[in-house]
Amino acid sequence: MVFDFLKGEFVDVISWLDDTRDTMVWRFERRGQAIKYGAKLTVREGQAAVFVHEGQMADVFGPGLYVLETNNMPIMTTLQHWDHGFQSPFKSEIYFISTVRFSDQKWGTKNPIMCRDPEFGPVRLRAFGSYTMRVGDPAVFMREIVGTDGEFTADEISNQIRNIIVQEFSRTVAGSGIPVLDMAANTEDLGKLVTTAIGPKVAEYGLTLPEFYIENISLPEEVEKVLDKRTSVGLAGDLNKYMQFNAAEALGNPATGAGGTMGAAMAAGMGFNMGQQAAGPWGAPPAAAPAAAAPPPPPPPPAATVWHIAENGATKGPFDEASLAQMVSSGMLTRATMVWTNGQDGWKAAQDTALNRLFSHMPPPPPPNV
């Protein structure tokens, strides 16, 4: 036992092999935190070593092999202090810091972010994504975050980084002026703005964020439902026909009760007519004549034809014929104006459609100068 102890005092190899993938800082454990003179320190790629002597940070080592025996290193061998029972009064510690990227760190907004959209007005947004972090300045990271923690993991700092990200993301999005419907196409630019804003703050912790991703930006569920309905109306094209379609669908759906009522009314009407035919030649009613049912409602009036106009590469409308007649009078609609209505095969000049009658009271264009 004593021989093993003495043998350990003459050879000291200091290194760290990390197999956890989430440990950022690990303290080399040495009996009594006494590092001997002449010890070999191995720092591998993706690591840094911080030497702390008697509570003060003395040096930071990058990747390489070091022999701790230079005169400017305040280290003394434990064998020089027999009177202290092999316990050196000069306490030294070595902390290994992983400088690799810690990937797949998650962030997200706990509460909606209030912003002002140029189209919808005040809206609430939620967002989430991921990021990677790494130790950029081991000395600052030790001094500001780790302290004397012998084993520091990424989870211990991820909550603080997440709070910084959400704060800067909220400020950046609120002041970006990007419409909500265009944010999905600009997540890369937003990510760069947020990373730039976060950089100085995380640098105070000795950290950097090499990568930052915005995976999703969403509106509240009730707002998304309104947008879906608005999109459906836009796809329908003609609002009048869209409303007629919904009314016809409701009448034909037994679940709504409308179709069942209509069928009952028709059946009652048919039964009444059969009862009149069975009354006899004198028209005497039978003993138990069924009650007359209310006549079915009249069909809805046909929808007015509306037209769309192509102007400067954009589509305008729809317009009814009364509005188009006024546009003809003001010169905004000419015979050569390209128009389209539902059921028409492509765009056509107004004079080649039913709108030609609107120009009947207008003179044709003057002949060219000879």
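The values are calculated or read from the model by the stated rules, or taken from the named source; none is laboratory data. Here the structure is a predicted model, which means the values were calculated and not measured. Every residue, glycine as well, gets a Cβ built from its backbone with ideal geometry; the counts of neighbours run over all protein chains shown.
So here's what we get for this one:
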| read-out | value |
| --- | --- |
| Restricting region 83-112 to residues that are of a type in the set (Gly, Ala, Ser) and over 20 Å from SER130 (Cβ atoms), the residue that is modelled with the lowest pLDDT | GLY85 |
| Which listed residue, of ARG134, ARG116, ARG124, ARG171, is basic (Lys, Arg), within 30 Å of VAL60 (Cα to Cα) and either surrounded by fewer than 19 Cβ atoms within 10 Å (Cβ to Cβ) or at pLDDT 90 or above (or both) | ARG134 |
| Evaluation of THR196 against (1) surrounded by 17 or more Cβ atoms within 10 Å (Cβ to Cβ); (2) of a type in the set (Ser, Thr, Tyr); (3) not in a strand (DSSP E or B) (one fails), failing number | (1) |
| Matching option when the condition is touching a Phe, Trp or Tyr at 6+ places or on another chain (Cβ under 8 Å) and under 17 Å from THR109 (Cβ atoms), among VAL173, VAL146, VAL135, VAL166 | VAL166 |
| Residue within region 111-125 that is of a type in the set (S, T, N, Q) and closer than 30 Å to ASN216 by Cα present | yes |
| Pick from region 92-113, criterion of a type in the set (A, V, I, L, M, F, W, C) and either in a loop (DSSP other than H, G, I, E, B) or within 18 Å of the chain's Cα centre (by Cα) (or both), ranking: surrounded by the fewest Cβ atoms within 10 Å (Cβ to Cβ) | VAL100 |
| Scope region 147-180; condition closer than 22 Å to ASP18 by Cβ and touching an Asp or Glu at 6+ places or on another chain (Cβ under 9 Å); matching residues | THR148, ASP149, GLY150, THR153, ALA154, ASP155, GLU156 |
| Some residue of region 141-161 being part of a helix (DSSP H, G or I), modelled with pLDDT under 90, small (Gly, Ala, Ser) and surrounded by 15 or more Cβ atoms within 10 Å (Cβ to Cβ) | no |
| Output for region 297-347, where each listed residue is surrounded by 14 or more Cβ atoms within 10 Å (Cβ to Cβ), under 39 Å from the mean Cα position of the chain (by Cα) and part of a strand (DSSP E or B) | TRP307, HIS308, ILE309, ALA310, GLY317, PRO318, PHE319, TRP340 |
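Rundown of residues vs (1) more than 17 Å from the chain's Cα centre (by Cα); (2) farther than 22 Å from ILE113 by Cβ, yes/no style:
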position	(1), (2)
ILE178	no, no
THR187	no, no
ALA197	yes, no
VAL202	yes, no
PRO210	yes, yes
ILE214	no, no
LEU219	no, no
